[in-house]
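Okay, here's the structure, questions in a sec.
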Amino acid sequence: MSEPRWVPWARRFVLGFLTLFTLVPLYAMVSSSLKPLGDVQGTWEWVPTTLTIQPFFDIWETIPLAEYFVNSLVISGSAAILSVVIAIFAAYALSRFRFRGKNFFKMTVLSTQMFPGILFLLPLFLIFVNIGNTTGIVLYGSRLGLIITYLTFSLPFAIWMLAGYIDSIPRELDEAAMVDGTGPLGALIRVVIPAAMPGIVAVGIYSFMTAWGEVLFASVMTDSGTRTLAVGLQEYSTQVQVYWNQVMAASLIVSVPVVAGFLLLQRYLVAGLTAGAVK
């Protein structure tokens, strides 16, 4: 049965509208980043009369953007790596072994995603401060504290998704590796991890993106020396001036790592999310 004639046109209209909905703000961001500040603050013009790349140089001098970039890269990268490593072992145990409390643990891990992040802000702040006062280990205002904070949000989802992905890998592969003389850890490293690479990449990208663009905890748990990009961009707005062209230019620079990583690993991301979600 053929579809009605209006369906293809409706599909084109919806896709065209969604394309414009995505591209128009992106065009406004790019065009504003190439305008002098006076043109951005004046009447909006779709076609800029004056183009300049000076805002892309000024963004590094107006605020310590390079320092914030390094902080975001270290914190997001560390959170992603730790999430992947811990989630691999936890997901493998949930998928391959039977132990008391297994179902309860899985439900507990999944249920943590129901709570809003702001609910944990004050408890984490108090815990970090008390640990610092008691042990001398500085967590509040440090990169380590923010990495631990991001782990509390990315790790449950990472474990849940990787457990589903590893469930889709036949157990016979593990058994064949053990017949050859390797143990459960060897089977994990030699067989399961290579087979689960799409899911692992998806978990890594998710964890990195979650940490890279997070604002709430970064604005409370950091100081001037550990501030991340998501919070540092606010410094382009002062009491007397808002450097809109530099805000747009910096926003483009900030989005480059995430967009580049997504485009390079898109194939693994789609495969990993699909397989992990199905289980």
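Please treat every number below as a calculation from the coordinates, not as lab data. Nothing here was measured: the structure is a model prediction, and the numbers come from that model. Virtual Cβ from ideal backbone geometry, glycine too; neighbours counted across all protein chains shown.
If you average the alpha carbon positions of the range 181-239 and of the range 18-78, how far apart do those two centres end up, in angstrom?
The range 181-239 and the range 18-78 have Cα centres separated by 24 Å.
I would also like to ask the following. Could I get the Rg over Rh figure for the range 1-146? Both from C-alpha atoms, Rh via Kirkwood, rounded to two places.
Working: Rg = 25.2 Å, Rh = 21.9 Å.
My calculation of the ratio gives 1.15.
Residue 180 to residue 234: FRET efficiency via 1/(1 + (r/R0)^6), r the Cβ-Cβ distance, R0 41 Å, to the nearest 0.05? Walk me through the intermediate numbers first.
Numbers: r = 56 Å, r/R0 = 1.38.
E(calc), rounded to 0.05, equals 0.15.
What does the highest-first list of 108-119, 155-166 look like by mean Cβ count within 10 Å? Could the numbers behind the result be given before it?
Working: 108-119: 10.9, 155-166: 23.8.
The packing order, highest mean first, is 155-166, 108-119.
Between Rg and the Kirkwood Rh of the range 219-268, both from Cα atoms, what is the Rg to Rh ratio?
Details: Rg = 14.1 Å, Rh = 12.7 Å.
We get a ratio of 1.11 for the range 219-268.
Okay, next question. In nm², what is the average projected area of the convex hull enclosing the Cα atoms of the range 139-211? It would help to have the intermediate numbers written out before the result.
Numbers: hull surface 22.6 nm².
Answer in nm², one decimal: 5.7.
Computed from the coordinates I sent, Rg/Rh (Cα atoms, Kirkwood Rh) equals one of (i) 1.13; (ii) 1.10; (iii) 1.06. Tell me the label.
(iii)
Remind me, relative contact order of the chain in percent, using alpha carbon pairs under 8 angstrom and six or more residues apart?
Numbers: 307 pairs, mean separation 83.2, N = 279.
In percent, rounded to a whole number, it is 30.
Let me ask something else about it. Set Lys and Arg Cβ to +1 and Asp and Glu Cβ to -1, take the dipole of the chain about its Cα centre, and tell me which of 36, 103, 210 lies farthest positive.
103
Restrict the search to the range 49-149; then list the chymotrypsin sites (Phe, Trp or Tyr not before Pro) that DSSP places in a loop and that have at most 12 other Cβ atoms within 10 Å of their Cβ.
Working: sites: 56, 57, 60, 68, 69, 89, 92, 97, 99, 104, 105, 120, 125, 128, 140; in loops: 97, 99, 140.
Taking the range 49-149 and a limit of 12 other Cβ atoms within 10 Å, the loop chymotrypsin sites (Phe, Trp or Tyr not before Pro) found are 97, 99.
In addition: What's the magnitude of the charge dipole for the chain around its Cα centre, counting Lys and Arg as +1 and Asp and Glu as -1 at the beta-carbon? Answer in Debye, nearest 20.
Working: 15 positive and 14 negative charges, 198 e Å.
Using Cβ point charges on Lys, Arg, Asp and Glu, the chain gives about 960 debye.
Quick one: Karplus J couplings for the range 74-90, per residue in order, coefficients 6.51, -1.76, 1.60, θ = phi - 60°, nearest Hz, x for Gly and Pro?
5, 5, 5, x, 5, 4, 5, 5, 5, 4, 5, 4, 5, 5, 4, 5, 5
Using the per-residue mean of other Cβ atoms lying within 10 Å as a proxy for protection, in what order, highest first, do the peptides 168-181, 30-43 fall?
Details: 168-181: 13.2, 30-43: 16.6.
Result, highest mean first: 30-43, 168-181.
Calculate I(q)/I(0) for the range 26-81 by the Debye formula, one identical point scatterer on each C-alpha and no solvent, and give its log10 at q = 0.21, 0.31 Å⁻¹ to two decimals.
Summing over Cα pairs of the range 26-81 leads to -0.80, -1.16.
Something else: For the range 43-58, what does the Karplus curve 6.51 cos²θ - 1.76 cosθ + 1.60, with θ = phi - 60°, yield as ³J(HN,Hα) per residue in whole Hz, taken in order and with x for Gly and Pro?
Couplings: 5, 5, 10, 5, 10, x, 7, 10, 10, 8, 9, 4, x, 6, 8, 6 Hz.
Which distance in nm do the two modelled labels at residue 104 and residue 81 give, with both placed 7 Å along the Cα-to-Cβ direction?
Rounded to a tenth, the inter-label distance reads 3.6 nm.
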